[in-house]
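Q: What follows is a structure written as structure tokens; I'll ask about it next.
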Amino acid sequence: MDRRATWLLALLAAGLLPLATDALGQPYYLAFATRIAVFAIAALALDLVLGYGGLVSLGHAAFLGIGAYSVGIWSSHGVTSAAVHWATALAVGACYAAATGIVALRTTGVAFIMITLAFGQMLFFLAVSLKAYGGDDGMTLWQGARLGPLDLADDRTLYWVALAWLAAFLALGRRLVAARFGLVLRGAKSNERRMRALGFTPTRHRLAAYVLSGAMASIAGCLLAHATDFVSPSYMGWQRSGELVVMVVLGGLATLHGAIIGAAVLLALEEALAGLTVHWMLILGAVLVVVANVSRRGLLGLGATSRGPR
Amino acid sequence: MTPRLRARGVSRRFGALVAVDGVELDVMSGEVHAVIGPNGAGKSTLLGILAGEVRPDAGEIFLDGQRVTGLDTARRARLGMARSFQVTAIVQDLTALQNAMLAVIAAERGRIPGLGRPAMADPTLLAAAREALRAVGIEGAADVAAGSLAHGAQRQLELAMALVGRPRVLLLDEPTAGTGPDEGRAMIELLRRVKTTPGGGPSMVLVEHDLDAVFALADRITVMAQGRVIACGPPEAVRTDPLVRAAYLGDAHR
Ligand SMILES: Nc1ncnc2c1ncn2[C@@H]1O[C@H](COP(=O)(O)OP(=O)(O)O)[C@@H](O)[C@H]1O
Ligand SMILES: [Mg+2]
């Protein structure tokens, strides 16, 4: 199937989904699809730094937290404008990414993983300490967010909004990695020495990618809060960061759309397996090991190998 | 005349080992200056110090009279210092063309390259990159992953990337090392063409083991042993220098 047809089909499926869940009387699946879109945004954002930049961030859930608390804190003060929530999340997420990125990007490899993890945990405990905003227990959002005439408390509206953000970020991400910027990022991932000898300062490009990625993932955090009407520190636990890494690797690194597939597959697996057995983590682990061993390029690689090597 | 590139008393130790010991080096504009010496003499370390990748413990580096000792590799590259490495440094998983594109992008001196049009659809960028490949004769391999190129072609690609943007100084670490005899000859021929570029070629510091290459290209030769310069002069003088013969040439080049 050629690429354009695949994209059209995906778009069509996404467009028809609300009708299907209505017809089947299964609104739960619409909410589930929204959840996939939300995590797809976060995974896509992570793929920018992980896949293209080669930077294993184990602290990306922090951005989900920043987004969620942007919604939560504003809402608890009666501000229900999604535009305000989003603008706050973008600004705070970008600033947090810039501040932590400058420090973390002094290192690479395992040290980078540890530093991003540490920053993520710092933010986690900051959220726990916010007693006014629910502390450990988190807080329920009693008022749904609105965007002009749109009521984001409505499942179907939120689905479209999440999908629109995903489409916008996918388009932006693709544009970015195809531009000179993406080429420089990939060059630096593969041979930093050569890039420096050419006159590049790869840290700058990595920081730009990291800040952009953080801002994108923060929007996912907003949408997560809109979808659950709840925020809590658990949104930014390190396990969540690990899940995002798994989504990207599972779908296929440095592809962007692989991150979307990885998010969908991981969430679906969790959903299906958790219903079957309490040992679902075990089965999930086995699936991941198999995929990682069969294809270095994730699930997308499985499809590609059947069509012969690149 | 101010030398294009000048090293003044540079030293570098690794633990107890003095890898480079008070080296003086002048490279004039357009000169090909070979640096020879046995393995472990400190040639690669010296090149690293010149390029800004290795920090000297003592000494200064000047480019056209301007002190660059404190500048990092990227800054020196932007001032016109290009290099190749003893172990070829190219971006293995990008194509040869994309490697050349990176060199062109670097030479554009752009800010953080932005959201412009896709790089692979930018005719100016593509044309400049193809031209760079053509200059070293590997335009036919444009779409091959750089890591899959033959060793000689990888070295040529590295040279192509270094030549983009017409550097003032070219630092070459054993450009013929590990290549077959034909590839080696092709590289020497290529370097000769670079040297005679119309309008003046770059100054070159050529670290090389293959003495045929050295005597074919060099205007002057500096001989190193155990971190020190033991001789410097035109090829004929160096060839007959008894110290050099004892330390390095042995009986091989009588
Ligand atoms: N990073 C390093 N750490 C420790 N020793 C080094 C390092 N780089 C080079 N050396 C040592 O310095 C000496 C000079 O090395 P090098 O400059 O590579 O010599 P050459 O290029 O002339 O063969 C060698 O003894 C080498 O082992
Ligand atoms: Mg060497």
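Q: Every residue in the range B:25-60 that is in contact with a helix residue (DSSP H, G or I) (Cβ under 6 Å, 6 or more places away or on another chain) and farther than 26 Å from residue B:212 by Cβ, please.
A: Result: B:52, B:53, B:54, B:56.
Q: Being out of contact with any Lys or Arg (no Cβ under 8 Å at 6 or more places or on another chain), crowded, with 23+ Cβ neighbours inside 10 Å and among the hydrophobic types (A, V, I, L, M, F, W, C) narrows it down to one of A:62, A:87, A:98, A:83, so name that one.
A: A:62
Q: Can I ask one more? Quick one: how many residues across the range B:22-42 are over 23 Å from residue B:193 (Cα atoms) and within 16 Å of ligand 2 (Cβ to nearest atom)?
A: Residues meeting the conditions: 8.
Q: Further question: With the requirement that a residue be open to solvent by 10 Å² or more (accessible area, probe 1.4 Å) and within 14 Å of chain B (Cβ to nearest Cβ), what does the range A:156-180 give you?
A: Hits for the range A:156-180 are A:168, A:169, A:171, A:172, A:174, A:175, A:176, A:177, A:178, A:180.
Q: Next question. Residue B:85 versus (1) more than 16 Å from ligand 2 (Cβ to nearest atom); (2) within 17 Å of the chain's Cα centre (by Cα); (3) within 12 Å of another protein chain (Cβ to nearest Cβ): which is the lone unmet condition?
A: Looking at each condition in turn, residue B:85 falls short on (1).
Q: Name the residues in the range A:1-23 that are in contact with a helix residue (DSSP H, G or I) (Cβ under 6 Å, 6 or more places away or on another chain) and either outside any helix (DSSP H, G or I) or of a type in the set (S, T, N, Q) (or both), would you?
A: A:21
Q: For the structure I just gave you, tell me whether residue A:123 is within 9 Å of chain B (Cβ to nearest Cβ), surrounded by fewer than 24 Cβ atoms within 10 Å (Cβ to Cβ) and more than 30 Å from residue B:77 (Cβ to Cβ).
A: Answer is no for this residue.
Q: Return the residues of the range B:74-89 that are without any contact (Cβ under 8 Å) to a residue 60 or more places away in the chain and within 15 Å of ligand 1 (Cβ to nearest atom); say none if nothing qualifies.
A: Scanning the range B:74-89 gives a single hit, B:87.
Residues checked against (1) in a helix (DSSP H, G or I); (2) modelled with pLDDT of 95 or more; (3) more than 16 Å from ligand 2 (Cβ to nearest atom); (4) open to solvent by 10 Å² or more (accessible area, probe 1.4 Å):
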| position | (1), (2), (3), (4) |
| --- | --- |
| B:186 | yes, no, yes, yes |
| B:194 | yes, yes, yes, yes |
| B:199 | no, no, yes, yes |
| B:213 | yes, no, no, no |
| B:216 | yes, no, yes, yes |
| B:222 | no, yes, no, no |
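Q: Could I ask something else about it? Can you list residue pairs whose Cβ atoms sit under 8 Å apart, with the first residue in the range B:171-184 being at pLDDT below 90 and of a type in the set (Ser, Thr, Tyr) and the second being more than 14 Å from ligand 1 (Cβ to nearest atom) and open to solvent by 30 Å² or more (accessible area, probe 1.4 Å)? Count only pairs 6 or more apart in sequence or on different chains.
A: Within 8 Å, the pairs are B:179/B:151.
Residue by residue, here is whether (1) surrounded by 15 or more Cβ atoms within 10 Å (Cβ to Cβ); (2) more than 7 Å from chain A (Cβ to nearest Cβ); (3) closer than 30 Å to residue B:3 by Cα holds:
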{"residue": "B:75", "(1), (2), (3)": "yes, yes, yes"}
{"residue": "B:92", "(1), (2), (3)": "yes, no, no"}
{"residue": "B:97", "(1), (2), (3)": "yes, yes, no"}
{"residue": "B:101", "(1), (2), (3)": "yes, no, no"}
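Q: Oh, and also: Which of the strands (runs of 3 or more DSSP E) contained wholly in the range B:3-50 include at least 1 residues that are among the basic types (Lys, Arg), surrounded by 17 or more Cβ atoms within 10 Å (Cβ to Cβ) and within 10 Å of ligand 1 (Cβ to nearest atom)? Steps first, please.
A: Values: elements: B:5-14, B:17-27, B:32-36.
Answer list for the range B:3-50: B:5-14.
The values are calculated or read from the model by the stated rules, or taken from the named source; none is laboratory data. Since this is a predicted model, take the numbers as computed values, not measurements. Glycine also receives a Cβ, built like all others from the backbone with ideal geometry; neighbour counts cover every protein chain displayed. Please note that ligands, DNA and RNA were not included when accessible areas were found on the heavy atoms of the full protein model with its side chains. Shrake-Rupley method; radii C 1.70, N 1.55, O 1.52, S 1.80 Å.
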